[in-house]
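Worksheet: one structure, shown below.
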Amino acid sequence: PSTYAAPGEAGSLVEYRSRYDHFIGGEYVAPAGGQYFENPTPVTGKVFCEVARGDSTDVDRAVEAAWKAFPAWGRTSVAERATILNRIADRMEEHLEMLAVAETWENGKPIRETLGADIPLAIDHFRYFAGAIRAQEGSTGEIDHDTVAYHFHEPLGVVGQIIPWNFPILMAVWKLAPALAAGNCVVLKPAEQTPASIHVLVELIRDLLPAGVLNVVNGFGIEVGAPLAQHPDIRKVAFTGETTTGRLIMQYASQNLIPVTLELGGKSPNVFFADVAQEQDAFYDKALEGFAFFNLNQGEVCTCPSRALVAKEIYDGFVADGLDRVRAVKQGHPLDPSTMIGAQASNDQLEKILSYIDIGKQEGAKLLTGGERADLGGELSGGYYVTPTVFEGDNAMRIFQEEIFGPVLALTSFSGYDDAIRIANDTLYGLGAGVWSREATTLYRAGRDIQAGRVWSNTYHQYPAGAAFGGYKQSGIGRENHKMMLEHYQQTKNLLVSY
Ligand code: NAD
């Protein structure tokens, strides 16, 4: 029962091509090695297109095409670039439903999220950076009566961007918008699990950008990502993905001494203080919703609130109510607008999650709900579905320490404020956190004491442009989603002039 037809069905908003090449210098270009790989949809597990399998020759071509475009693009006025970014946003808005279906079909996430959040956020991101670049100013400093220091922002040149599969279009736009706004040309490598939705976007907006400003090379991490990050002619690499891959990216970048920004993994705590259950009111209800938020995007979110810390005083009642909320999360066809949890993005990811469920059982965590692959029947039987899962255990366990990236919650209790902060910070990661309390002082203190780049108070999973996003500790380097990101894509030029 779906109001959105799947690709290939009558009335579908998106028609994928059966084959996607690279997009280099404004043209579709076949891979130098002549190889393609199959791309299945996680909704049913069936292959729906094949995709160029890139290699270092394709990366070379893309970097060359980008440098060819750079002299003109780097000198466009900020007004021109802002106008183009706004036009891209307008075009995306006109085709919002089509982009949402494309992303849902390729990634397996519910249409209500792609339609209501992912694509609208991507659109707003272009508009935000269109505004930010126009508002950015250089500076002048007086050195002495006859001498002035002028500071200008200049683009870096050609930059490499490597993205994951969990929010394909949004992750691309988080990187493209500031880079293009700042006047750079880009070589983008989509995740091998979700290249097609990126190409749907590129086809939609390609006429708005000069040839070579945006180039897309498809393929695998080692075959395309590694040569891109090591390329002697790129001036920066921006990466989102796993912490282990992030370490490699830093090593690659060190060969050419180029800057990196890294958005990596997380194991975010969601902390419920005792006063949450003081009354069974609308606030309590909102907190329960927050407890069940680990299911958003099937748990495939770097900031997934994958550890719940609940005050001992309220533990039994709050957890019982929270579990009811988790069991009510509706799983179904991702294109059905009432579906709240869809398919995991790939078979590998499904297997990784199931293996962590086994690990949880083996290490003695208590399974409170879920814990299995879901068979949704019919054509969905071949898809990659997992039931929302909650384990109760101890923060030292692997399921509390390692990123599972699935709808699996690791739940524990705490005794008092200091214990809550100790457990929250007992992790390698420091990306996101949630704190829930009726007391503003508790929220403020916990917000400052938790070592994470983003702490949500009495809410979770909001990602507005203008709120800096990035990690402490091993969750990354740099902040996206904010005008400060522009400077990560710029050089500072100083002219020291003696009059
Ligand atoms: P991944 O690191 O396996 O892959 C990410 C990208 O890097 C893909 O395009 C992949 O092809 C490429 N890649 C893989 N190996 C590479 C190599 N050796 N050299 C260059 N490129 C390489 O991560 P994933 O499994 O695709 O994504 C999930 C991870 O991303 C999770 O850890 C998640 O927390 C993280 N993530 C972080 C954020 C954030 O903003 N912090 C956002 C989304 C996802």
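Strands (runs of 3 or more DSSP E) fully within the stretch 208-322 that include at least 1 residues being more than 11 Å from the ligand (Cβ to nearest atom): 214-216, 260-263, 269-272, 307-311.
Between Arg373, Arg398, the distinction of being without any contact (Cβ under 8 Å) to a residue 60 or more places away in the chain, touching a helix residue (DSSP H, G or I) at 6+ places or on another chain (Cβ under 8 Å), of a type in the set (Lys, Arg) and more than 19 Å from Cys302 (Cβ to Cβ) belongs to Arg373 only.
Remark: Glu9 falls outside the filter, which requires a residue to be within 21 Å of Thr194 (Cα to Cα), surrounded by fewer than 20 Cβ atoms within 10 Å (Cβ to Cβ) and in contact (Cβ under 8 Å) with a residue 12 or more places away in the chain. Does Ala179 satisfy the condition of being buried (at least 19 other Cβ atoms within 10 Å of the Cβ) and either not β-branched (Val, Ile, Thr) or not in a helix (DSSP H, G or I) (or both)? When the stated conditions are applied, Ala179 passes them.
Answer yes or no: is there a residue in the stretch 188-198 that is within 11 Å of the ligand (Cβ to nearest atom), charged (D, E, K, R) and more than 30 Å from Pro71 (Cα to Cα). Scanning the stretch 188-198 turns up at least one residue that is within 11 Å of the ligand (Cβ to nearest atom), charged (D, E, K, R) and more than 30 Å from Pro71 (Cα to Cα). Taking the stretch 458-499 as the range and being outside any loop (DSSP other than H, G, I, E, B), among the hydrophobic types (A, V, I, L, M, F, W, C) and closer than 22 Å to Gly241 by Cβ as the test, the residues that pass are Phe469, Ile477, Met484, Met485. Among the residues examined, Pro227 does not qualify as touching a Lys or Arg at 6+ places or on another chain (Cβ under 6 Å), at negative phi and not acidic (Asp, Glu). Listed by first and then second residue, the pairs linking a residue in the stretch 184-199 that is in a loop (DSSP other than H, G, I, E, B) to a residue that is within 10 Å of the ligand (Cβ to nearest atom) and of a type in the set (Ser, Thr, Tyr), with Cβ atoms under 8 Å apart and 6 or more places separating them unless they lie on different chains, are Gln193/Ser346. Among the residues of the stretch 438-457, those identified as surrounded by fewer than 23 Cβ atoms within 10 Å (Cβ to Cβ), away from the ligand (no atom under 16 Å from the Cβ) and outside any strand (DSSP E or B) are Arg438, Glu439, Ala440, Thr441, Thr442, Leu443, Tyr444, Arg445, Gly447, Arg448, Asp449, Ile450. Looking across the stretch 353-399, the residues that are more than 16 Å from the ligand (Cβ to nearest atom), assigned to a helix (DSSP H, G or I) and buried (at least 22 other Cβ atoms within 10 Å of the Cβ) come down to Ile357, Gly360.
Residues in the stretch 417-441 that are within 14 Å of Ile314 (Cβ to Cβ) and free of Cβ contacts under 8 Å to residues at least 12 places away in the same chain: none.
Each residue in the stretch 164-195 was checked for being aliphatic (A, V, I, L, M), over 18 Å from Ile123 (Cα atoms) and in contact with a Pro (Cβ under 7 Å, 6 or more places away or on another chain), and 1 pass. Which ones in the stretch 68-86 are surrounded by 12 or more Cβ atoms within 10 Å (Cβ to Cβ) and of a type in the set (Gly, Ala, Ser)? Scanning the stretch 68-86 gives Ala69, Ala72, Gly74, Ala82.
For the stretch 134-173, the strands (runs of 3 or more DSSP E) that sit wholly inside it and include 1 or more residues that are crowded, with 21+ Cβ neighbours inside 10 Å and away from the ligand (no atom under 16 Å from the Cβ) are 147-155, 158-162.
If only residues of the stretch 413-462 that are of a type in the set (S, T, N, Q) and touching a Leu at 6+ places or on another chain (Cβ under 9 Å) are counted, the one that is farthest from Val276 (Cα to Cα) is Ser413.
Rule-based calculations on the coordinates, nothing more; no lab input. The shown structure was predicted, so the numbers you read here are calculated from the model rather than taken from an experiment. Glycine gets a Cβ as well: all are built from the backbone with ideal geometry, and neighbour counts include every protein chain shown.
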